[in-house]
Structure formats: structure tokens, C-alpha cells
Amino acid sequence: MSIEPNQVQIYFDSADVLMIVINQDEFVVDVNKVGCKILGYSKEEAVGKNWFDNFVPKTARENSKTVFHEMLKGALSHVHSEYPIMTKGGKQVIINWHNVLAKNEMGRTVGVLSSGVDVTNLRKAEKTSKMSENRLQNTLDSMLEGCQIIDFDFRYVYLNDSAAKQARRRKEELLGRSMMEMFPGIDQTKMFSHLAYCLTSRVPYEMENEFTYPDGAKGWFELRIEPVPEGVLVFSIDITKRKETEAELGRYRQRLEDVLAERASEFAKMNQKLTQEIDERRKSEEGLVLRAIILDNAREAIFLVNKKGDFVYSNEAATKNYGYSRDEFLNMNIRQLLRPQEAPMIETRFKNVIEAGQLELETVHIRKDKSAIPVQVHHSLVKTLHGEFIVSVVRDLENVRIR
């Protein structure tokens with residue numbers, strides 16, 4: 001079968017896409033230069049061979065044959081399809097086809113004219129992109145940190161499992177719904193105002209937020225609000241347990257201070273009739289015993305240091321947590337627990353304690369084995385007959401988070 005007139009043949013041969021003519025018996029009648037280049041066969045090698053049996057992989061052969069013969073029956077005059085072909089070197093190339101019926105001068109269907117574009121690299125890129133998207137989706141869904149995207153109408157457009165759990169709602173309930181609809185009154189909160197500001201100004205914001213659920217329950221969350229094209233991305237960590245622990249530790253510290261003050265007052269009254277020397281000695285001895293009993297049963301590491309930072313007392317928790325014995329502590333300075341870059345700051349911190357009476361901060365301490373621990377330190381100034389000292393109560397934040 002030949003294609004006439006000559007102009008059509010010239011166009012067929014010079015087209016920059018794969019072009020091929022297949023007759024009703026599935027045999028190749030003609031193929032252009034691009035087709036030969038993609039297939040790796042010369043025109044003489046390709047013409048006369050069954051197209052589907054020789055150039056189409058088995059996995060796509062049956063389906064591509066079905067489409068071909070449906071066209072020949074007249075059910076389809078032109079069809080877009082996509083299936084791979086096999087090159088002479090054994091490589092599979094994915095082709096996006098545009099197929100039209102080929103007719104002779106009498107108007108009778110004699111075959112199919114197909115033009116195709118190599119989309120192998122495009123499909124590989126799409127597959128890689130899809131895989132990356134799936135990996136990202138799986139990563140976000142498996143995060144312990146809550147992750148949600150809020151659009152410019154304050155609607156939930158994405159939540160991971162952790163964010164839904166923190167909201168105490170199913171993702172299906174939240175997606176597509178507005179924050180105000182799901183949590184009435186949320187638009188009156190500080191968190192909402194910061195979120196709205198981030199939406200308009202595109203400036204990120206971090207905060208700790210106390211959230212009240214519809215049933216009246218409360219939870220604390222550490223929030224990071226970041227602008228994204230869809231609106232804002234909100235990362236959230238549930239810190240309710242940490243807040244409860246901090247509150248309990250504060251109450252415990254107050255009770256400890258009250259007990260110490262009460263005991264000190266009682267011992268002062270009991271020893272009023274003794275001489276000043278005996279009174280001072282007895283107060284010192286009994287006070288130290290009582291404090292040692294109380295302090296050695298405390299969970300926090302507790303130190304007593306002079307204004308130079310030299311240790312004059314450490315409790316049992318301190319020896320366990322840092323790995324030094326009490327004798328070792330008595331020959332050490334508190335600077336030895338700090339990282340090198342922080343050691344020079346101790347003089348400024350002690351000055352603040354002496355002026356304000358107390359100081360609280362979070363920092364990092366170094367154990368005897370050189371391991372680092374995040375800690376919260378509460379320094380308090382105490383005045384005794386022997387001078388002024390600083391009591392340091394150290395809470396191991398690492399163990400608090402584990403519990």
C-alpha cells in the first residue's frame with residue numbers, strides 16, 4: 001500500500017515524530033526516519049513484519065491489538081493511546097500515540113496511520129515525582145509532631161495523624177471545614193490573631209498556646225506558624241505533660257521552702273536559752289541533718305555554692321545524675337559542670353542572683369563521663385551566720401520528657 005500524493009509522502013518521511021502505517025493484517029507498510037531511529041531498525045528491516053508480534057512487548061500486546069482492530073471495524077475513527085514498543089536493542093520505549101484510519105482512493109479502510117512521541121523520560125519523571133510525593137506524605141503522616149495547613153479562609157486543607165489526634169477529631173471531620181466552624185470561639189484567641197497575622201504579613205511566629213476543647217478540657221501546645229503558598233503551615237507539639245510537671249515542681253519547691261523555713265523557725269525557738277556559740281553550732285548541725293534528709297530524698301540535684309562557685313554541699317541526686325562523689329564535688333567549682341563557652345557567664349549570673357535574690361534558666365550541663373544533659377536551674381540566695389550562699393536546684397529536662 002502506498003500513500004499518495006508525493007507531498008504526503010514527503011511530509012511523512014520528514015516529520016519530527018514517529019510515524020508508521022500498519023495494514024489490516026497488522027503488518028508494517030511504511031515507517032519514517034524518526035520511527036527507524038527510535039526502533040533501531042532500518043525501513044527495510046521493519047516493513048513487512050507484524051507490528052504487534054515484533055515491536056510491541058507482550059505486556060502491552062493484547063490491549064494494543066484490541067484498540068487497533070476496534071478502529072478497523074469503524075467503531076473508532078481516531079484514538080489517542082499509550083503503550084510501549086521494543087527497540088532492536090531490547091529497550092522498552094513508551095510512546096504516546098495518535099491513531100487515525102488510513103483509507104484508499106475508494107474510501108475503504110486499509111489500515112491505520114499512527115504518529116507517536118517518546119514520553120519515556122516524562123513518565124519516569126512523573127513516577128519519580130509521585131514516589132517522592134508519597135514518601136513525603138508518609139513521612140508527614142508518621143510524624144509525632146502535629147502538622148496542618150490552613151488556607152486563607154481558615155479552612156483545614158491538610159492534617160497529619162498527630163494533628164488530628166491533638167485536635168481530638170477525625171481528619172475527615174476537619175478537612176474542608178473552617179477553624180471557626182469546628183471550634184467556635186477560636187477566632188477570639190491570641191493564637192488565632194497570630195495565625196491571621198501570619199496569613200496576611202507572611203511572617204513566621206512561634207508561641208506556647210493553651211487550648212480549650214469544646215468539653216472544657218485544656219491542653220498546652222508549642223506552635224510554629226510558617227507562611228506557605230496555600231496559607232500557613234502549623235507545626236504543633238503537645239507539651240501538656242511538661243506544663244503539668246513544671247507546675248507540680250513549682251508547688252514541690254514551694255512546699256520544700258516552706259518546710260525549711262518552718263523547721264528553721266522551730267529550731268531557733270528551741271535554742272533561745274543556749275549561749276550564742278552553742279545555739280549557732282546546734283542550729284547548724286541539726287539544720288544540716290534535716291536539710292540533708294530532705295534534700296537527699298529530692299529528685300532534683302541540689303547544690304550549695306559560695307559566691308566563687310565552689311561547692312560546699314551536694315545531695316544524693318546530684319551524685320547519681322552527674323557521676324561525681326560528694327568528696328569530688330567539694331573540690332570542684334560549678335563552672336566545671338558548664339560547657340566551656342558558658343563558664344565565663346557564671347559571674348554575671350551570680351551577680352543577678354545576689355541582686356534579685358533568685359534566677360531561673362535553662363542550659364546544658366556536662367556529666368563526669370562528658371555526656372551532656374539539658375537542665376533547668378533555679379538559683380536562690382540564702383544568708384546564714386557563716387555568710388551568703390547560693391542554693392542551686394537542677395532539674396534534668398531529659399528525664400522529665402521521658403517520663
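Each reported figure results from applying straightforward, stated rules to the coordinates on display, with no laboratory input. These figures come from a predicted structure and were not determined experimentally. As a convention, Cβ positions derive from the backbone with ideal geometry for all residues, glycine included, and neighbour counts pool all protein chains shown.
Mind checking the full-extension length gain between residue 398 and residue 335? Use 0.36 nm per residue of separation minus the Cα-Cα distance, one decimal, nm. Write down the numbers at each step before the final one.
Details: separation 63, 0.36 × 63 = 22.68 nm, distance 2.08 nm.
Answer, rounded to one decimal: 20.6 nm.
Of the peptides 317-323, 180-186, 158-164, the order by per-residue mean of other Cβ atoms within 10 Å, starting with the highest, comes out as 158-164, 317-323, 180-186.
Spin-label pair residue 42-residue 9: with each label point 7 Å from Cα along the Cα-Cβ axis, the two points sit 1.9 nm from one another. Measuring r between the beta carbons of residue 23 and residue 92 and using R0 = 22 Å, the FRET efficiency lands at 0.35.
Counting only residues at least eight positions apart within a chain, or on another chain, the aspartates and glutamates with an alpha carbon under 14 Å from that of residue 171 are 141, 161.
Cβ under 11 Å from residue 32's Cβ, residue 32 left aside: what net charge do those residues give with Lys, Arg +1 and Asp, Glu -1? Here the count lands on 0.
Sorting check: for 304-312, 199-207, 170-178, which peptide has the highest mean count of neighbouring beta carbons within 10 Å, and how do the rest follow?
Per-residue Cβ counts within 10 Å, averaged per peptide and sorted highest first, yield 304-312, 170-178, 199-207.
When you count the other C-beta atoms within 10 angstrom of each residue and take the mean per peptide, 225-233, 33-41 line up highest first as 33-41, 225-233.
The three principal axes of the C-alpha atoms in region 143-238 carry coordinate ranges of 33, 26, 24 Å, sorted with the longest axis first.
For the chain, the longest principal axis of the alpha carbon atoms and the long axis of helix 276-296 meet at an angle near 20°. Computed from the C-beta positions of residue 197 and residue 100, the FRET efficiency with R₀ = 60 Å rounds to 0.55. If you plug each phi of region 25-42 into the Karplus form 6.51 cos²θ - 1.76 cosθ + 1.60 with θ = phi - 60°, what whole-Hz ³J(HN,Hα) values come out, in order, with x for Gly and Pro? Result, rounded to whole Hz: 8, 6, 8, 6, 9, 7, 8, 8, 5, 4, x, 5, 5, 5, 6, x, 10, 6.
To the nearest ten degrees, helix 240-270 and the longest principal axis of the Cα atoms of the chain are 10 degrees apart. Within a straight-line Cα-Cα reach of under 18 Å, residue 368 can be paired with the following lysines, leaving aside sequence neighbours fewer than 8 residues apart in one chain: 320. I'd like the projected area of region 6-123, averaged over all directions, using the convex hull of its alpha carbons. Report it in nm² with one decimal. For region 6-123, averaging the hull's shadow over all directions gives 7.2 nm². The slack in the chain from residue 342 to residue 355, taken as 0.36 nm per residue of separation less the alpha-carbon distance, amounts to 2.6 nm.
Helix 58-72 and the longest principal axis of the C-alpha atoms of the chain enclose an angle of approximately 50°. Legend: distances between Cα atoms for 33/73; 43/124; 37/91; pairs beyond 18 Å are 33/73; 43/124. Size descriptors for the chain (Cα atoms only): Rg and Dmax, in that order, 39.9, 135 Å.
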